Amino acid sequence: MVDVLITGGGVAGSSLAILLGRQGVTVELFERGQFPKEKPCGEGLMPGGVAVLERMGLAEAVGGAPFFGIRYHFRNQIAEGRFPTTEGFPPAGRGQRRKHLDHVLFSAAAMTPGVTAYTGVHVDGPLVENGKVVGLLVEGEPRRATLTVAADGLHSRIRRSLGLDVPVKRRRLGARCHFRLARDKEWPPWVDVFVSRGRELYVTALPDRELLVAALVDTEALREPVEQAFRRWWQAEPALHSRLEDAEQVSSLRCISPLAGHARCGVAPGVVLLGDAAGFLDPITGGGMTQALMTAELLAKYIRRGLTGINEWLWDFERQRKLLLRDYHRLTQAVLWLADYPSLSERIISTLQFVPGLLSHLIAVAGGMRPLCGTQRKWRSTLEPARFTENLGPAEDTHA
């Protein structure tokens, strides 16, 4: 029997497998797809995520085109927010194709001593005995482990099987495709967000003169085929249209919906939900991959304390994870609310032009670099395991 079973070989699952294998923990990692594979994604990795890759020694292998902040566009208004200089974090994020990032991380996991990685394998569900998850059913065969980690994505089968799924009220759709710019055109080293009534366009420069264009839209606002609407959206933005008119489209349009997933709780006896499986609000603030890397690193630190005393730290990990992501969630909820009020959004973007320090601070929160309020030192403490007492059970707020 191995120490840890992980279902899902994306950013969260593969990163955790690497970190655990390096600690001497035996791991089996199961991925139903084959790498490299396409996945609809914003493909902008924030500085907090880049910092984790640097600590893992994988930042160079992942590569990517640097971006130094985010620019918001609303009609004729533009507000720029640069990532601030923050100790322990690089000054830039990176734009990189998701299929490359996933492939690098899964390959690194497969080569890590103590990790056995499988692709093309279907995980049927959790193996539960006496109210505790003791492993996984993998293509009908039971696999047992001391701890099971579900990193199987936004629409997690494990979360649903355990009765931890919470219905999503707001339905949004994400669509993306890639273009290769003409030789005489470039895209500045920013993530550009074009805000319009009912939708947002995200534009990220990638290596090899490629450009990701991604759209987020309320499904109720769609009145035509997505392909037709997507082209109309980017053509409506003059700065984007002028660069894409001679560009080559190098990937097909891919869509995903819904964009959020909620869990009643991110842990249960014998199991941890990780990454999007643990719940994700919306990609409107662009921190999904960064959150996956940061929380995988946090979980690995807890597991380092020992797998024999899981019940002593499982609920502490859940509390610490919520503290780590709390301000990001608050910011995302605020931005989602503003998306419903375009006139107010325009006034706020106009105001932020004259308060670049405030926008820089908010972007740092989205980038996993600092708290919304409070001291940097206190917030950094959430990146480390909390002290726990023996036989600590779940707190009421954990199940909220």
Open item on the list: Going residue by residue through the range 83-95, is there one that turns out to be among the β-branched types (Val, Ile, Thr) and either at pLDDT below 95 or touching a Gly at 6+ places or on another chain (Cβ under 8 Å) (or both)?
Closed with: yes
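Go through the range 135-165 and count every residue that is more than 19 Å from the chain's Cα centre (by Cα) and either outside any loop (DSSP other than H, G, I, E, B) or of a type in the set (S, T, N, Q) (or both).
Step one: list which residues in the range 135-165 are more than 19 Å from the chain's Cα centre (by Cα), which gives 135-148, 160-164.
Among the residues that remain, those that are also either outside any loop (DSSP other than H, G, I, E, B) or of a type in the set (S, T, N, Q) (or both) are: 135-138, 141-148, 160-161.
Qualifying residue count for the region: 14.
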- [ ] Go through (1) modelled with pLDDT of 95 or more; (2) over 22 Å from the mean Cα position of the chain (by Cα); (3) among the aliphatic types (A, V, I, L, M) one by one and return the number of the condition residue 105 breaks.
- [x] (2)
Open item on the list: So, residue 203, is that one under 22 Å from the mean Cα position of the chain (by Cα), surrounded by 15 or more Cβ atoms within 10 Å (Cβ to Cβ) and β-branched (Val, Ile, Thr) or not?
Closed with: yes
Open item on the list: Given the criteria in contact with an Asp or Glu (Cβ under 8 Å, 6 or more places away or on another chain), aromatic (Phe, Trp, Tyr), on the phi < 0 side of the Ramachandran plot and in contact (Cβ under 8 Å) with a residue 40 or more places away in the chain, does residue 179 qualify?
Closed with: yes
Open item on the list: For the range 90-102, give me the residue count where each residue is outside any strand (DSSP E or B) and either in contact with an Asp or Glu (Cβ under 9 Å, 6 or more places away or on another chain) or crowded, with 17+ Cβ neighbours inside 10 Å (or both).
Closed with: 9
TODO: Determine whether residue 344 is hydrophobic (A, V, I, L, M, F, W, C), closer than 29 Å to residue 98 by Cα and without any contact (Cβ under 8 Å) to a residue 60 or more places away in the chain.
DONE: no
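Please return the ranges of helices (runs of 4 or more DSSP H) entirely within the range 9-89 where 3 or more residues are closer than 18 Å to residue 288 by Cβ. Walk me through it before giving the result.
Numbers: elements: 11-22, 47-56, 59-62.
In the range 9-89, the matching helices (runs of 4 or more DSSP H) lie at 11-22, 47-56.
The values are calculated or read from the model by the stated rules, or taken from the named source; none is laboratory data. Since we're looking at a predicted model, the values are computed, not measured. Note: ideal-geometry Cβ built from the backbone for every residue, glycine included; neighbour counts use all protein chains shown.
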